[in-house]
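Undergrad: Starting off with a structure, shown below.
The values are calculated or read from the model by the stated rules, or taken from the named source; none is laboratory data. Computed from a predicted model, the values in this text were never measured in an experiment. Please note: Cβ atoms are built from the backbone with ideal geometry, for glycine as well, and neighbour counts cover all protein chains shown.
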Amino acid sequence: MSIAVDLATVWAFIIAFAVFVYVVMDGFDLGLGILFPLFPEKRDRDVIMNSVAPVWDGNETWLVLGGGGLMAAFPLAYAVLMPALYTPMIAMLLGLVFRGVAFEFRWRTTKARNKWDIAFFGGSLLATLAQGIALGAILQGVHVEGRHYAGGWWDWLTPFSILTGVSLVIGYALLGATWLVMKTEGELRDRAYHLSWIFLLAMLGAIGAVSIATPFLHVQYTHRWFAWPNVLLTAQVPISVAVITALLLRSLAKKLDYQPFFLALALFALSYAGLGISMYPYIVPQSITIWQAAAPENSQLFMLVGVAGLIPLILAYTAWAYWVFRGKVRPESGYH
Amino acid sequence: MFEGFDAVVLARAQFAFTMSFHIIFPAFSIGLASYLAVLEALWLWTGREVFINLFNYWLKIFAVAFGMGVVSGIVMSYQFGTNWSAFSDKVGPVIGPLMAYEVLTAFFLEAGFLGVMLFGLKRVGPRLHFLATLMVAIGTLISAFWILSANSWMQTPTGHTVNADGQFIAADWLKVIFNPSFPYRLVHMVLAAYLTTALVVGAVGAWHLLRDRHLAGARVMFSMAMWMATLVAPIQILAGDQHGLNTLEHQPVKIMAMEGHFQSHKDGAPLILFGLPNQQAARVDYAIEVPRLGSVILKHSPDAPMAGLDTVPRENWPPVAIAFWSFRIMVGMGLLMLALGLFSLLMRFQGKLYDSRLLHMFAVAMAPAGFIAVLAGWITTEVGRQPFTVYGLLRTVDSASPLAAPAVGSSLLAFIIVYFIVFAAGVIYLLRLMAAPPHPGEEGPSHETPIRSAGITPATQGARP
């Protein structure tokens, strides 16, 4: 498959990049929420919260860029997908409301702290599940007529979308657990190691299940993955997954605190690349390509100037913020 | 449920509800971020401890308000797609890039430096920390720039063409961004944010002065806030008047609705002070009016003719009563703010700024005035634009998603329930923070000290350079 480089393709990569950065950055912090019930001690929960409180806000901003960028660069895709994913989108937003305010609210009350802990867990779980379901619903395709979504409002709910939803919950939990391995010490870190093992195995099962199911959704996906000579290219993905998994298992066994998180991110990157390979050049699978959905050239060019100049700058100061708060979080280091 | 309802009406209700909830937090955090930057600058400059105490005091309040602004803002950014997908398809190529620039130049800046601002003083030192505070404050202002540009373009669209798919396309980006109403709107909104914050800061200061008039922190914040009210309230009234003239030029129908002018007046329009606009009968019932004053205010001449809604097809009328009343509420709040500013100036000159209980009680009562004015002003301008989303060009009914009423109704219900839980809790926590007086050694934004483990227990040591 050849990729013609034009504005729409450039923008497809930019949006894909923004969504990917969102997935890896907010992924681990949503994962922490998902793991919350497994750490019932208040002391542990304080540490978990403190490990991301300075950066969670920036993490979530990538979601706004993904959505806003999609509306600006591919307005037709945004206009078709959002009504198609109506229920999961609303669920995700409500989940994010609960977990977002929990970051501040749980420190402002003693009596109701447990309630905000539940809100943090429930909101994180709901948002993740909704994101995973939305992904599955996009992959299976939506019904389009003219420039509108024309399906029902339960079309997103299928066994496949449930599978992708659960898979994402497992994946984010793995990111969260490996993040804790990196950022904590003592007993909390040991628990995180244990959970990393469990969620890594579950994640491998999930990757396998989704990989097996995806090619059967549409002939195009099957063709994309297995046709000669495409298979030479696409086979790199499962091979890389095997290599990364081996490295990840080794780093967990040897208790190398910093490696598991980055290897887990690499697993996410590979899965994400796999999805991209399946979908390209469709932005709404089977219905709308990136060229059909593209905004007029002058909109895409106007924004490209900003993206080219600002994304590197944003990455630089975001990296600086992470650097400022580097190292292990100690139980007594609250900052509120 | 919701079967009998109109999906577009429900979508509008949802937008109005989520937007009203959202707008009060940016209005507060724009002003508060600048106030925090000023406090930290004063601390670095003078070295006086009272400034860092106040900084730390308001920082905690800022964090809670900012968090609520962020989560409700994410909802807004996706609502264009969920409930207004036809609008997104048609208008996305023009306002999408403006909002993308808001994310790139403002949201990331705020969020990126927020962590350092809240928790990093000890880690990065006072100068870098001040830079972080400044970046957050600048970020909020840049955000206002882009979102008001997008909103103003919807009110007074220029610099665009329409393509074969019915999409709006920018022909000239500078004309799109700096559209005719944009400068007025931006100034009016930023001043409103500063006034809103000043009234809250002033009310908190006054509240603590009523208890202890020697409390240093309360005196400083009260005095600063009253200067703000004294100086900015009159400027805001002037800016509002200029904005009104701009609206008359570009959106005359909105002015007709705000003024309740159903009929044209050939020789001088009255100013209707109060009355009950009756859209059906096209008249204002029980009107109390001052002859010719309307023409004096809007055209600066008592005999200038004013066109009324009778010159406009009925299907292009906005809901008159809402625009009429929300406008009056906004103006009323503005006049009260002016009164507070002048009263405080008088007391200041008499040396009774910290002693006048009447002034302090007035200031406490005025705490919500800014929020009320911002909401009322926003309702005036948005409802006044109806029945269009892009003024004169794209109708609201042609902007909605192809959704059934039950879908929109259920999500509206979900937002109402969730927002009321979150909003109620947030307001309680904010009031709790404000109820505690600012004290010397106010707990700082430190990443190192063991604090807050039991909720709001203050630290024993404040953050000092």
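Undergrad: Contact list please: Cβ distance under 6 Å, first residue in the range B:260-273 and over 18 Å from B:ALA321 (Cα atoms), second residue surrounded by 17 or more Cβ atoms within 10 Å (Cβ to Cβ) and among the small types (Gly, Ala, Ser), pairs at least six apart or on different chains.
TA: Between residues of the range B:260-273 that are over 18 Å from B:ALA321 (Cα atoms) and residues that are surrounded by 17 or more Cβ atoms within 10 Å (Cβ to Cβ) and among the small types (Gly, Ala, Ser), the close pairs are B:GLY268/B:SER295; B:ALA269/B:GLY294; B:ALA269/B:SER295.
Undergrad: What helices (runs of 4 or more DSSP H) completely inside the range B:288-381 contain at least 2 residues that are within 30 Å of B:PHE15 (Cβ to Cβ)?
TA: Output list reads B:320-349.
Undergrad: Could you list all residues from the range B:60-117 that are within 23 Å of B:ASP172 (Cα to Cα), buried (at least 24 other Cβ atoms within 10 Å of the Cβ) and hydroxyl-bearing (Ser, Thr, Tyr)?
TA: Residues satisfying the conditions are B:SER88, B:TYR101.
Undergrad: Right, here's the next one. Go through the range B:404-436 and give me each residue that's assigned to a loop (DSSP other than H, G, I, E, B) and modelled with pLDDT under 85.
TA: Here is the first cut: in the range B:404-436, the ones assigned to a loop (DSSP other than H, G, I, E, B) are B:404, B:436.
Scanning the range B:404-436 gives a single hit, B:ALA404.
Undergrad: Name every residue in the range B:41-50 that is closer than 16 Å to B:ALA225 by Cα and at pLDDT 90 or above, in order of residue number.
TA: Result: B:LEU42, single match.
Undergrad: Which residue pairs have Cβ atoms under 8 Å apart, sit 6 or more places apart or on different chains, and have a first residue in the range B:57-80 that is farther than 30 Å from B:VAL220 by Cα and at the interface with another protein chain (Cβ under 8 Å from one of its Cβ atoms) and a second that is in a helix (DSSP H, G or I) and among the acidic types (Asp, Glu)?
TA: As it stands, the answer is B:ILE74/A:GLU60, since those pairs meet every condition given.
Undergrad: I need the helices (runs of 4 or more DSSP H) fully contained in the range A:235-327, keeping only those with at least 1 residues that are more than 27 Å from A:GLY132 (Cα to Cα) and modelled with pLDDT under 90.
TA: Hits in the range A:235-327: A:236-253, A:297-324.
Undergrad: Can you find a residue that is more than 14 Å from every other protein chain (Cβ to nearest Cβ) and closer than 22 Å to B:SER34 by Cβ anywhere in the range B:161-182?
TA: Looking for residues that are more than 14 Å from every other protein chain (Cβ to nearest Cβ) and closer than 22 Å to B:SER34 by Cβ, one finds at least one in the range B:161-182, hence yes.
Undergrad: Residue by residue through the range A:177-208, note down the ones that are small (Gly, Ala, Ser) and surrounded by fewer than 15 Cβ atoms within 10 Å (Cβ to Cβ). Spell out how you get there, then give the answer.
TA: Within the range A:177-208, the first condition is being small (Gly, Ala, Ser), and the residues that meet it are A:177, A:186, A:192, A:196, A:202, A:205-206, A:208.
Once the filter is applied, which keeps residues that are small (Gly, Ala, Ser) and surrounded by fewer than 15 Cβ atoms within 10 Å (Cβ to Cβ), the range A:177-208 yields A:GLY186, A:GLY205, A:GLY208.
Undergrad: Which condition number does A:GLY68 fail, the rest of (1) within 7 Å of chain B (Cβ to nearest Cβ); (2) over 30 Å from B:VAL8 (Cα atoms); (3) without any contact (Cβ under 8 Å) to a residue 24 or more places away in the chain; (4) of a type outside the set (S, T, N, Q) being met?
TA: A:GLY68 satisfies every listed condition except (2).
Undergrad: Mind checking which pairs have a first residue in the range A:94-115 that is within 7 Å of another protein chain (Cβ to nearest Cβ) and a second that is of a type in the set (Ser, Thr, Tyr), Cβ under 8 Å, 6 or more apart or different chains?
TA: Correct list of pairs: A:VAL97/B:SER72; A:VAL97/B:TYR419; A:GLU104/B:TYR429; A:PHE105/B:TYR429; A:ARG108/B:TYR429; A:THR109/B:TYR429.
Undergrad: Being among the charged types (D, E, K, R) and out of contact with any Ser or Thr (no Cβ under 9 Å at 6 or more places or on another chain) is the filter here, so list the residues in the range B:36-94 that pass it. Reasoning before the result, please.
TA: Here is the first cut: in the range B:36-94, the residues among the charged types (D, E, K, R) are B:40, B:48-49, B:60, B:89-90.
Result: B:ARG48, B:GLU49, B:LYS60, B:ASP89.
Undergrad: Looking only at the range A:269-326, which residues are under 23 Å from A:GLY58 (Cβ atoms), of a type in the set (Gly, Ala, Ser), touching a residue at least 12 places away in the same chain (Cβ under 8 Å) and more than 9 Å from every other protein chain (Cβ to nearest Cβ)?
TA: Matches in the range A:269-326: A:ALA269 only.
Undergrad: Only one of (1) facing another protein chain (nearest Cβ under 8 Å); (2) crowded, with 24+ Cβ neighbours inside 10 Å fails for B:VAL136. Which number is that?
TA: The single condition B:VAL136 does not satisfy is (1).
Undergrad: So is B:SER401 buried (at least 21 other Cβ atoms within 10 Å of the Cβ), within 8 Å of chain A (Cβ to nearest Cβ) and in a helix (DSSP H, G or I) or not? Before the answer, list the steps.
TA: Working: buried (at least 21 other Cβ atoms within 10 Å of the Cβ): yes; within 8 Å of chain A (Cβ to nearest Cβ): yes; in a helix (DSSP H, G or I): no.
When the stated conditions are applied, B:SER401 does not pass them.
Undergrad: Continuing with this model, one more query. Determine whether the range A:42-55 contains at least one residue that is charged (D, E, K, R), outside any helix (DSSP H, G or I) and more than 9 Å from chain B (Cβ to nearest Cβ).
TA: no
Undergrad: Still on this model: Checking B:ALA41 against (1) facing chain A (nearest Cβ under 8 Å); (2) surrounded by fewer than 24 Cβ atoms within 10 Å (Cβ to Cβ); (3) small (Gly, Ala, Ser), which single condition isn't satisfied?
TA: Single failed check for B:ALA41: (1).
Undergrad: In this structure, is B:LEU109 within 9 Å of chain A (Cβ to nearest Cβ) and modelled with pLDDT under 90? Spell out the reasoning first.
TA: Numbers: within 9 Å of chain A (Cβ to nearest Cβ): yes; modelled with pLDDT under 90: no.
Taking the combined requirement at face value, the residue does not satisfy it.
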